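Below you'll find the structure, written out as structure tokens, and then a few comments.
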Amino acid sequence: MSAPPPVPAETTELLGNGDTARASLEALRSEIAKAVVGQDPAVTGLVVALLCRGHVLLEGVPGVAKTLLVRALAASLDLDTKRVQFTPDLMPSDVTGSLVYDARTAEFSFQPGPVFTNLLLADEINRTPPKTQSSLLEAMEERQVTVDGTPRQLPDPFLVAATQNPVEYEGTYPLPEAQLDRFLLKLTVPLPSREEEINVLTRHSDGFDPRDLKSAGIRPVAGPSDLEAGRDAVARTKVSPEIAGYVVDICRATRESPSLSLGVSPRGATALLSTARAWAWLTGRDYVIPDDVKALALPTLRHRIQLRPEAEMEGVTPDSVITAVLAHVPVPR
């Protein structure tokens with residue numbers, strides 16, 4: 001998944017609301033690039049998730065700017081963001097909030113937790129036990145939290161960007177399949193190229209402070225209204241019966257793969273169609289083509305399948321299985 005072609009800024013005055021929103025969201029890439037070097041696919045993936053009202057699992061080794069990426073995105077969209085460091089002693093109430101007794105009024109009042117934000121960074125989510133991990137399930141699916149039997153709505157937009165380290169598993173709790181399936185996309189955040197890493201060092205030597213995004217010149221270039229207009233436009237993006245069948249055939253093929261013990265569920269097929277529609281709109285079309293499905297297949301499906309132990313021992317990866325499926329499933333014309 002590469003970044004879509006930019007829309008010229010000088011044409012935005014001639015475009016409708018949806019196209020204006022697209023141009024504003026396209027501007028996010030250059031704005032975030034003031035703080036984060038490279039990582040265009042991850043930026044685009046986060047925008048796709050916001051358009052689809054989904055959540056993102058970011059996987060990468062420490063030090064590749066996962067936290068900075070989310071903070072820069074929030075600053076560019078003028079959205080509130082909070083960060084929670086997931087640790088083994090973190091309790092569900094530390095995420096959702098709890099009732100606090102007020103001695104002055106002799107009543108309990110609700111103290112909102114960090115989940116009441118627009119962009120929640122769940123840092124190293126797999127370092128906390130399943131009980132605390134599950135505290136996010138209702139928030140991610142229902143966009144509300146229930147404390148003491150009372151449901152409380154979360155802000156809109158709301159996105160969980162959870163991170164995990166792919167190389168260190170000591171002291172971690174693997175995410176259950178039910179929770180993995182709640183993430184719309186799983187994005188890999190790779191190490192930078194040599195040129196990109198030189199750029200990073202040059203910026204730091206010139207005084208760049210990743211803790212101070214304002215000094216980097218990041219300003220809001222889009223906002224919730226652009227996201228809402230984009231969502232409306234994505235919802236109008238046309239899907240032909242042939243494309244719907246193509247998505248289903250891809251997902252059904254994973255269920256028949258000899259390398260997998262668990263294939264993509266119908267919810268995964270729905271997610272792939274949703275992300276393909278968002279990608280089609282971002283690239284300037286109001287209809288989905290097979291290339292849109294292919295572009296989003298890996299980030300949308302890689303965390304929804306489970307390898308057989310013998311296949312894993314032979315070096316098979318989720319990405320290689322999905323790539324093979326894409327190569328064998330007939331493409332509609």
Among the residues of region 20-57, the number that are free of Cβ contacts under 8 Å to residues at least 40 places away in the same chain and of a type in the set (V, I, T) is 1
Inspect all residues belonging to region 181-198 and state whether any of them is among the charged types (D, E, K, R), part of a loop (DSSP other than H, G, I, E, B), open to solvent by 50 Å² or more (accessible area, probe 1.4 Å) and farther than 15 Å from S76 by Cβ.
yes
Under the condition of being touching a Lys or Arg at 6+ places or on another chain (Cβ under 7 Å) and within 13 Å of V239 (Cα to Cα), which residue from region 282-300 is surrounded by the most Cβ atoms within 10 Å (Cβ to Cβ)?
V288
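For the condition closer than 28 Å to P155 by Cα, of a type outside the set (G, A, S), in contact (Cβ under 8 Å) with a residue 60 or more places away in the chain and in a helix (DSSP H, G or I), what is the one hit in L213, L227?
On the way: L213 fails: in a helix (DSSP H, G or I).
Matching residue, one of L213, L227: L227.
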Kindly indicate which of T172, T188 is closer than 30 Å to R267 by Cα, in contact (Cβ under 8 Å) with a residue 12 or more places away in the chain and in contact with a Lys or Arg (Cβ under 6 Å, 6 or more places away or on another chain).
T172
Out of region 79-127, which residues are among the acidic types (D, E), part of a loop (DSSP other than H, G, I, E, B) and touching a residue at least 40 places away in the same chain (Cβ under 8 Å)?
D80, E124
Neighbours by Cβ (under 7 Å, 6+ apart or cross-chain): first from region 256-284, without any contact (Cβ under 8 Å) to a residue 24 or more places away in the chain; second buried (at least 22 other Cβ atoms within 10 Å of the Cβ)
A269/V247; A269/C251
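The values are calculated or read from the model by the stated rules, or taken from the named source; none is laboratory data. Keep in mind it's a predicted model, so treat the numbers as computed, not measured. Cβ sites come from the backbone with ideal geometry, for glycine too, and all protein chains shown count toward neighbours. What goes into the accessible areas is simple: the full protein's heavy atoms, side chains included, and nothing from ligands, DNA or RNA. Shrake-Rupley method; radii C 1.70, N 1.55, O 1.52, S 1.80 Å.
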